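The values are calculated or read from the model by the stated rules, or taken from the named source; none is laboratory data. Only a predicted model underlies this, so the values are computations on that prediction, with no experimental measurement involved. Because the Cβ atoms are built from the backbone with ideal geometry, glycine has one as well, and the counts that use them run over all protein chains shown.
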Amino acid sequence: MNLTDKKVFITGGSAGIGKALIEELSNHGVEEIAVMGRTAEKLDALEEDFPSVEFLKIQGDISQLDHIKSAVQKVKEEWGTLDMLINNAGVVSAGLLEEISDEDIIDQVNINVTGLILLTKHMLSLLKETSEGALINISSGLGYIGMPFYSVYAATKAAVKHFSEAMRRELSDYPIHVMTIYPTATDTAMMETAKVDDMDSPKEVAKATVDGLINKEIEVILGGEKQRAMVTKNMNEPLKVDEQIKDQFDAIRKRAEEHRSM
């Protein structure tokens, strides 16, 4: 896929993986990027960090339908077309299910799943007009392997996995490549409250994503061969994974006990 001159819309693009994706895309010739985020100051800072990119800045909350419709309308008015949608925004609140607040459960579902689906729905009329486009959804390694203390987050990311699969098949008559990314622990603000070592960098995730897009891969699983082997084992021998996780239960609990980024 040739990325030069593509018009791209990304959620959660002002920091972390999203910001790294903007850098990687700009290195491949993308010059027009619409970014939707909740904080105006962070959106404004992108112009200083990437002077070669013409930004369409959209302050909004992906969990709010009226914000989604306003964002889509702005893209229609300013561009009239769209080549690539990257659903990157996400939040996490870990812990025992009965100890996660109702509000955090609702917000994780609304931002990680409902907002992603609604934004995709309302952007489809634009995407379907492209001659070569893409729909990229950022899931998580937990979308393949459900872990204790991450029941809600894992559920939302598994939903993203299956939504991508369904959309890939639903859009098969259109020149829209659908791809899902499965990062493992990544060194972003989202992970600041988790006790994790040896994380991937946002740049590594962004490079793998863009390389996967260029090569038209349908899935990009981060974490190396160890993670891919664990995914296969979880699919074929889930009870063995149960035993393996049981041995790590206390360590996972410690890692998750303060992990919240909402």
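The table below lists the values:
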quantity: Residue tally, condition more than 30 Å from GLY133 (Cβ to Cβ) and either assigned to a loop (DSSP other than H, G, I, E, B) or at pLDDT 95 or above (or both), over the range 198-229; calculated: 3
quantity: For PHE55: the one exception among (1) at pLDDT 95 or above; (2) crowded, with 19+ Cβ neighbours inside 10 Å; calculated: (2)
quantity: Whichever residue in the range 142-184 is out of contact with any helix residue (DSSP H, G or I) (no Cβ under 6 Å at 6 or more places or on another chain) and among the small types (Gly, Ala, Ser) and, among such residues, is surrounded by the fewest Cβ atoms within 10 Å (Cβ to Cβ); calculated: SER172
quantity: Filter result (part of a loop (DSSP other than H, G, I, E, B) and within 16 Å of the chain's Cα centre (by Cα)) within the range 84-98; calculated: ASN88, ALA89, GLY90, VAL91
quantity: Criterion (more than 18 Å from ILE176 (Cβ to Cβ) and either in contact (Cβ under 8 Å) with a residue 12 or more places away in the chain or not polar (S, T, N, Q) (or both)) met by exactly one of VAL113, VAL30, VAL75; calculated: VAL113
quantity: Residue that is at pLDDT below 95 and aliphatic (A, V, I, L, M), where the choices are MET147, MET191, MET179; calculated: MET191
quantity: Single residue of ILE10, ILE17, ILE33 found to be buried (at least 24 other Cβ atoms within 10 Å of the Cβ), hydrophobic (A, V, I, L, M, F, W, C) and in a helix (DSSP H, G or I); calculated: ILE17
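Each row is one residue, and each column tells you yes or no for (1) more than 18 Å from the chain's Cα centre (by Cα); (2) among the hydrophobic types (A, V, I, L, M, F, W, C).
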{"residue": "ALA34", "(1), (2)": "no, yes"}
{"residue": "ARG38", "(1), (2)": "no, no"}
{"residue": "ASP44", "(1), (2)": "yes, no"}
{"residue": "GLU78", "(1), (2)": "yes, no"}
{"residue": "LEU82", "(1), (2)": "yes, yes"}
{"residue": "ILE100", "(1), (2)": "yes, yes"}
{"residue": "THR130", "(1), (2)": "yes, no"}
